[in-house]
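Written out below as structure tokens is the structure these notes cover.
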Amino acid sequence: MTEAVLSTLAVSGGFNDPVFEAQGVFRALMDATARPGTLHDLPASVAPPAPLGPGSGAIAVSMCDPDTPVWLGDGADSEGVRAWLSFQCGAPVVQEPDKSTFAFVRAGAMPALNALALGTQEYPDRSTTLVVEVEALEGGPRLILEGPGIDGQRTVKPMGLPEDFAAQRSASRALFPRGVDIVLVAGLRMMALPRSTVVSHDNETEAG
């Protein structure tokens, strides 16, 4: 890819109203985190280079800066994406997932959660927020959520997550307050699964 093409990709596709839209995305993320498993729209006009999706791009531009290292997994990485992130928010791209503050991936190439930064007992916030592009936020296998922000239980049905996702979350949950916060995105819709949320399979549905 030529420098001219990279330069064009880098400067295009950002927010039309950077301050207003970044604030809107931030508020949506906070609301989603406070109510795990609920669906939220990302109020943004953003078009990052392929293969990064618009939801991931909106979160990256709103939440990342030169002090928030980013890791790009398979299905989210390209020369154009790296140039775009550098221009739009100045975020450095790192090679190791456990060195990242934010990680962006496709569900089919999601790394093991223990490969990311989990924080420490003294500084649990020094962890990775994992943003996962899924096929859809509805219509997939049923998962049961419990924990803060949920009245009893909540059922969600994202499509495309690894089969062992609930098992990985269970192992990660045992490390609390360490752990990884997860945001699932499809287009410009999202749901949050903070580390405090317990995730399990709906065994009754599977048995039926």
Kindly list the residues of the stretch 145-165 that lie in the label zone of THR38, defined by a backbone N under 19 Å from the point 7 Å along the Cα-to-C-beta vector. 145-158
Under a point spin-label approximation (7 Å from Cα along Cα-to-Cβ), what is the GLU146-VAL94 distance to one decimal in nm? 3.4 nm
Within the chain, what's the longest run with no GluC sites (Glu not before Pro) in a DSSP loop and at most 15 other beta-carbon atoms within 10 Å? Give the range, please. 1-121
The chain - accessible surface per residue (Å², probe 1.4 Å): 47 Å²
Taking the 0 to 90 degree range and rounding to the nearest ten, how far is the long axis of helix 18-34 tilted relative to the main principal axis of the chain, both from C-alpha atoms? 10 degrees
When the solvent-accessible surface of protein heavy atoms is calculated with a 1.4 angstrom probe, in what order do VAL131, VAL11, VAL198 fall, highest first? VAL11, VAL198, VAL131
Separation of the VAL19 and GLU138 label points, Cα + 7 Å toward Cβ, nm: 3.6 nm
Between the stretch 89-142 and the stretch 49-71, what is the C-alpha centre distance in whole Å? 12 Å
Amide proton proximity set for VAL183, modelled H, under 5 Å, gap of 5+: LEU130, VAL131, VAL132, LEU193
Which entry is the computed mean projected area of the Cα convex hull in nm² for this structure: [x] 11.3; [y] 23.0; [z] 14.8? [x]
Considering only protein heavy atoms and a probe of 1.4 Å, how much of the accessible area of the chain is carbon and sulfur, as a whole percent? 53 percent
Under the Karplus relation with 6.51, -1.76 and 1.60 and θ = phi - 60°, whole-Hz ³J(HN,Hα) for the stretch 163-175, x at Gly and Pro, equal 4, 9, 4, 4, 5, 4, 4, 4, 5, 5, 4, 5, 8
Work out, step by step, the length gained on full extension between LYS157 and ALA115: first 0.36 nm times the residue separation, then minus their alpha carbon distance; give nm to one decimal. 12.6 nm
Tilt relative to the chain, helix 79-88 - C-alpha long axis, 0 to 90 degrees, to 10: 80 degrees
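The values are calculated or read from the model by the stated rules, or taken from the named source; none is laboratory data. Since we're looking at a predicted model, the values are computed, not measured. Here the Cβ is made from the backbone with ideal geometry for all residues, glycine too, and neighbour counts use every protein chain on show. Surface areas here come from the heavy atoms of the whole protein model, side chains and all, with no ligands, DNA or RNA. Shrake-Rupley method; radii C 1.70, N 1.55, O 1.52, S 1.80 Å.
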